[in-house]
Amino acid sequence: MSANMYDAIVIGGGPAGSSAANFLVRKGHKVLLLERENFPRFHVGESLLPAAWDLWDDLGVTKEIEDAGFVVKQGVNFAFGPDKDITLLTREFPEYFQRPYTYHVERAKFDEILLRKAESLGAEVREGWLVKDVIMDGERAVGVVAGPKGGETEEYHASVIVDATGRDCVVGRKLGLHRDDTVLNKISYWTHIRGGYREIMDDSCRTDIHTINDGWIWYIPLADDVISVGPVLDTKKIKSWPEKTPQERFDRAVSECAAISKWMEGSTQIQDIQVVSNVSYLNKQFVGDGYILVGDASMFIDPVFSAGVTLAMRSAKFAAESIDRGLAAGGCNAETIDDYEAKFRKPVGRVFKLIHNWYDILERGDRDNIFIRSQRIPLLRERLIVMLSGGYDRADMDELLADAAAMAE
């Protein structure tokens, strides 16, 4: 194999890309990972799920994550207004998961743990590198044109290109696969504060989700007295707001939530407001001749249920399994790796249904929704907690909603 020829080229070093490289190297493949930034680098998406423990074991990073000093997360609290708090804890049904807790993480530290592990296993990692183009031979992806920032570019070839470029969706956009979810047309304004209130439960915290008129707000305690706060709003509805700047819209959204407003009293905002628009999308397909899309490059999930990182790592595992079989069969054609498509779309579909149900609840102002009902229906509560803890292979969303409707009658 020539110096610029690899079994797989992974574009992007976030959780999906570094995990894909990790799994592929473990299977004996020659992998080049190209990452635009130099790690550690800042990123949002700090609330994780208990289902990640099995994946961390597979990746060989469990000890590093345990020793990183992240805040322990026990579960999630949904607040539908004053005195309408629904707290759901994985430890209520610990038999479904290896451990009934997870973490709130600083993504710069967390993502670097994953990237360095892949590198230590033998993946060739190049940081500060830009992919200028994906090389196509007809409809087949065969390589990339890439080089260090400000430097010369070269062609690099591989049997398969793994697109882990997140919202950039390099391959998906080049091939016209990108599809925005027009129903989930949301925009987020978020920041970090220092000094806000945090509720401590057994030396741990929870993720708080509070509903407001045109959306909801996350409140995620991190290490070093830092808290991530982010309203997620309906893009169409806020067009009529007199507030136009990101800071003004953030301030208005927070002012509509009495609890979070009180929790933020005396705190200091430590960064400018960040904006993420077109919050949800789903690519038309995840695989093709010579390419496979993983993590946020395949779809971007609304953050309300903290599913993104777990799905990213899971997609990487599924992708590596399919690529390994494809290479063994003589090449990564759409036909030899298309089992990834069906395997990954199943959990993605379940999460999207849960998210659409969430926004239906907000739109209707439903005060007897699936979360409220879980307070009085034990079986519904069990299934909801399993789903929200990342057990997408252990709970079916259609069955969950059907049971909720039947139980309400």
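The values are calculated or read from the model by the stated rules, or taken from the named source; none is laboratory data. Values in this document were obtained by computation on a predicted structure and should not be read as measured data. So basically every Cβ, Gly included, is an ideal-geometry build from the backbone, and we count neighbours across all protein chains shown.
Odds and ends about this structure:
- All of (1) surrounded by 15 or more Cβ atoms within 10 Å (Cβ to Cβ); (2) at pLDDT 95 or above; (3) not aromatic (F, W, Y) hold for E248 with one exception: (1).
- Those residues of segment 350-409 which are modelled with pLDDT under 75 and of a type in the set (G, A, S), in sequence order: A395, A402, A404, A405, A406, A408
- Within segment 195-218, the residues that satisfy the criterion of being part of a strand (DSSP E or B) and within 16 Å of I260 (Cα to Cα) are C205, R206, T207, D208, I209, H210, T211, I212, G215, W216, I217, W218.
- Residues of segment 359-377 that turn out to be among the charged types (D, E, K, R) and touching a helix residue (DSSP H, G or I) at 6+ places or on another chain (Cβ under 8 Å), as a count: 3
- Leading residue by the ranking (farthest from the chain's Cα centre (by Cα)) among those in segment 66-94 that are under 26 Å from G365 (Cα atoms) and free of Cβ contacts under 8 Å to residues at least 60 places away in the same chain: D83
Residue-by-condition table, conditions (1) surrounded by fewer than 24 Cβ atoms within 10 Å (Cβ to Cβ); (2) without any contact (Cβ under 8 Å) to a residue 40 or more places away in the chain; (3) closer than 20 Å to V142 by Cβ; (4) of a type outside the set (S, T, Y):
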| residue | (1), (2), (3), (4) |
| --- | --- |
| Y291 | no, no, yes, no |
| D296 | no, no, no, yes |
| V309 | no, no, no, yes |
| N333 | yes, no, yes, yes |
| D339 | yes, yes, no, yes |
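- Qualifying residue in segment 149-167 (condition: of a type in the set (A, V, I, L, M, F, W, C) and either more than 18 Å from A20 (Cβ to Cβ) or not assigned by TED's automatic domain parsing to the domain that holds M313 (or both)): no
- Some residue of segment 139-155 being in contact (Cβ under 8 Å) with a residue 24 or more places away in the chain and closer than 20 Å to F318 by Cα: yes
- Residues that are under 24 Å from the mean Cα position of the chain (by Cα), closer than 18 Å to V232 by Cα and among the hydroxyl-bearing types (S, T, Y), drawn from segment 260-304: S277, S280, Y281
- Residue in segment 243-253 that is in contact with a helix residue (DSSP H, G or I) (Cβ under 7 Å, 6 or more places away or on another chain) and closer than 20 Å to G266 by Cβ present: no
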